[in-house]
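The values are calculated or read from the model by the stated rules, or taken from the named source; none is laboratory data. Please read these numbers as outputs of a predicted model, since none were measured by experiment. No Cβ is skipped: glycine too gets one built from the backbone with ideal geometry, and neighbour counts run over all protein chains shown.
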Amino acid sequence: MAGPGAGEPAMEDKRSFSDICGGRLALHRRYYSPSCLEFCLSCPRISLRSLTAVTCTVWLAAYGLFTLCENSMILSAAIFITLLGLLGYLHFVKIDHETLLIIDSLGIQMTSSYASGKESTTFIEMGKVKDVIINEAIYMQKVIYYLCILLKDPVEPHGISQVVPIFQSAKPRLDCLIEVYRSCQEILAHQKAASMSP
Amino acid sequence: MVLKAFFPTCCASADSGLLVGRWVPEQSSAVVLAVVHFPFIPVQVKELLAQVQQASQVGVAVLGTWCHRRQEPEESLGHFLEGLGTLFSHEPWLQLCRERGSKSWNCKATRRQGPAPLAPACEDQVMLIFYDQRKVLLSRLHPPAALPERQAGDATASAGGLAAVFDTVARSEVLFQSDRFDEGPVRLTHWQSEGVEASILVELAKRAAGPVCLLLACLLSLVSAASACRVFRPWPLSFIWSKLSTCEQLRHRLDQLTLVVSTHRAEGPAQLMRKANTLVSVLLDMALGLLLLSWLHRKDRFAHLAEALVPVADRVAEELQHLLQWLMGAPAGLKMNRALDQVLGRFFLYHIHLWISYIHLMSPFIEHILWHLGLSACLGLTVALSILSDIISLLTFHIYCFYVYGARLYCLKIHGLSSLWRLFRGKKWNVLRQRVDSCSYDLDQLFIGTLLFTILIFLLPTTALYYLVFTLLRLLVVTVQGLVHLLVDLINSLPLYSLGLRLCRPYRLAAGVKFRVLEHEAGRPLRLLMQINPLPFSHVVRTYRLPSCGCHPKHSWGSLCRKLFFGELIYPWRQRGDKQD
């Protein structure tokens with residue numbers, strides 16, 4: 001790909017990180033222009049082992065019920081439930097990759113793509129964004145770091161009305177977050193400098 | 001700040017010309033609405049823009065030039081385009097350029113640094129954002145959190161750049177009224193330039209709607225006048241009408257229909273949606289009601305129902321009698337106070353006897369009554385369900401009576417017990433100060449008080465058991481009625497038109513926008529595609545819910561338990577305009 005000048009960052013690069021549970025994540029960074037950046041974080045795929053385990057459990061339970069009740073409807077119902085459950089899981093629960101698109105002077109867009117291809121997008125205008133920070137949280141028995149966007153309060157100029165976390169399903173570790181944080185802050189600094197000057 | 005140029009996708013293949021649109025200085029964005037083609041007379045273009053500005057209150061102006069060419073520009077074209085910049089002065093002057101057949105675009109935005117016409121110009125960076133003009137025109141943006149203290153108009157102005165874009169396109173409809181077949185002086189390209197969109201059915205419906213609405217409005221006013229004058233005067237009838245849920249439902253439907261056929265134009269898009277939702281809901285209701293009616297008539301089900309009704313009522317009465325016999329014995333191994341048990345048991349048994357006689361008296365007329373009530377199903381499924389709920393209340397009236405007797409007795413007992421307990425401890429309730437004060441009683445007062453207290457406390461298990469049994473029965477009946485009411489409520493308040501719109505035309509109800517970065521080459525401006533992010537279904541239901549009868553339980557679980565414990569009567573399904581009992 002024809003690169004820009006010597007001092008500018010690469011157009012596209014891919015690195016691998018790990019999430020808080022130890023799964024492999026791939027961070028794909030696309031640099032379109034000094035004012036537009038896209039981060040794509042791919043979550044670990046659904047593992048064959050867990051899928052087989054769940055299916056076997058459900059079918060064994062159904063077979064156990066069948067031997068008690070002698071009703072073959074239970075077996076067909078079990079197959080139906082497994083299929084529906086798998087489809088529902090792929091469409092509503094399993095996230096394939098999460099994307100963060102920052103466009104200077106326009107806003108920040110977060111997209112979650114599910115395993116079935118469904119995409120759910122949220123766009124926050126730059127006028128509402130106060131800052132992007134890394135925050136700590138207590139999650140079950142761990143203390144984890146997460147990246148979040150702070151939104152301005154329309155009533156109070158220095159207040160914060162909402163905290164929007166990013167990469168909620170991927171849950172990357174601090175090293176990955178620092179990468180994303182640095183790039184976001186560069187663009188936000190750009191934006192603040194531009195809004196300060198008339 | 002980077003200059004954002006919102007460019008309609010329909011103009012991407014148009015011939016060269018002038019860009020016409022609105023400049024929003026706060027967000028440094030230029031919203032291009034149309035392209036004016038060569039040849040044109042500048043005076044006529046300015047006249048057209050002034051007309052549009054007056055009609056739509058949108059500051060439409062010439063923003064720059066658009067060039068769609070084959071190869072590298074000729075010198076003359078370049079000078080000509082720059083010359084146009086002096087004719088239609090606008091800060092900043094936008095110059096968009098595209099090579100025919102390729103995806104490479106060129107954008108330049110020049111701004112003069114000083115007031116003098118020969119001052120040096122500086123260039124801004126430009127970002128191109130493509131948008132589908134038709135979808136943005138037709139869609140309605142729903143702000144994420146409705147702030148209660150702001151008005152709708154205020155929110156549009158302060159909500160940010162994207163709401164301004166939507167607003168600009170929506171209000172400039174008058175600019176899109178001319179297409180290329182018009183003989184006007186100025187030739188435009190926009191989303192309707194290939195021909196103004198219209199539908200024959202919609203036009204016919206609009207023409208027919210006027211007289212039909214007038215006729216229906218007259219009929220409905222006659223109906224409401226008739227219902228208001230005759231029936232509500234005498235007191236017993238007005239009390240019965242207020243208790244029946246059928247009347248409530250009919251009144252609700254009458255109100256809704258009056259709203260739909262009213263000849264006033266809808267004030268805003270929210271009113272329009274409400275009218276459409278109400279109409280679709282009423283039509284669906286009637287369709288379901290007719291379906292139910294045809295199903296009931298098919299296999300002569302009315303006769304079956306009428307035959308089954310009296311034995312069912314008999315069966316219920318018999319079961320109640322068994323229950324009372326069980327209570328009069330040793331229920332669940334508990335030992336009751338014999339005398340009180342017998343008194344209460346006989347009292348309730350006599351009531352059941354009266355009830356059975358009443359049912360047997362009514363039995364010859366049941367089929368006719370049912371048939372006539374069934375006809376009302378053609379008014380709607382909700383009316384049929386309300387009638388069902390009323391029939392259930394009438395058939396279980398004896399359970400209601402028993403519950404009231406049991407509750408009153410228990411309540412009296414509890415109040416007596418609490419007052420005598422205070423006496424036992426040497427205190428009394430001060431009505432003036434609303435608190436418990438100490439008091440010195442005489443010996444005979446204390447003696448009688450303690451005696452009564454002992455009697456009441458030993459009779460408590462019997463009364464409590466009767467109260468418990470009848471309260472459970474009553475709660476069962478109330479639960480069944482509640483489910484029926486819930487179904488009626490659902491049919492009444494579900495916004496079906498909005499859900500259908502969200503399913504078939506998702507761009508009409510927008511929660512926001514989403515951007516996609518198009519193919520990017522180094523050195524070229526950034527190109528984005530702006531698409532509409534539709535509102536999720538749950539938000540659609542929440543925003544466009546129709547107001548229902550309001551038959552929601554008014555108590556929280558805590559207060560309900562408290563009332564049950566103290567024996568106060570509960571009316572979980574309070575309806576509008578009910579009198580306190």
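Annotations
- Per-region count, segment B:364-400, residues of a type in the set (D, E) and closer than 15 Å to B:L244 by Cβ: 1
- Selection status of A:S116, in the same structural domain as A:E179 (by TED's automatic domain parsing), farther than 30 Å from B:V126 by Cα and small (G, A, S): yes
- Residue identified as at pLDDT below 75, farther than 18 Å from B:F515 by Cα and more than 13 Å from every other protein chain (Cβ to nearest Cβ) among B:A155, B:A170, B:A119: B:A119
- When restricted to residues that are facing chain A (nearest Cβ under 9 Å) and surrounded by 15 or more Cβ atoms within 10 Å (Cβ to Cβ), segment B:512-530 contains 9.
- Inter-residue pairs, beta-carbon under 6 Å, first under 17 Å from B:Q256 (Cβ atoms) and in segment B:208-223, second at pLDDT below 90 and not in a helix (DSSP H, G or I), 6+ apart: B:C213/B:T263
- Scanning segment B:81-94 for any residue that is surrounded by fewer than 13 Cβ atoms within 10 Å (Cβ to Cβ) and within 14 Å of chain A (Cβ to nearest Cβ) turns up at least one such residue.
- Checked across segment A:106-125, the condition of being within 14 Å of chain B (Cβ to nearest Cβ), exposed (fewer than 14 other Cβ atoms within 10 Å of the Cβ) and of a type in the set (A, V, I, L, M, F, W, C) holds for no residue.
- The residues on offer are A:V132, A:V143, A:V58, and the sole one that is away from every other protein chain (no Cβ under 14 Å), of a type in the set (A, V, I, L, M, F, W, C) and within 20 Å of A:L25 (Cα to Cα) is A:V143.
- Scanning segment B:506-526 for residues that are at pLDDT 90 or above and charged (D, E, K, R), we see that the one that is nearest to the chain's Cα centre (by Cα) is B:R508.
- Selected residue (criterion: modelled with the highest pLDDT) from residues of segment B:93-116 that are farther than 17 Å from B:A12 by Cα and small (G, A, S): B:A109
- With respect to the conditions (1) buried (at least 17 other Cβ atoms within 10 Å of the Cβ); (2) free of Cβ contacts under 8 Å to residues at least 60 places away in the same chain; (3) touching a His at 6+ places or on another chain (Cβ under 9 Å), B:H398 lacks only one, and its number is (2).
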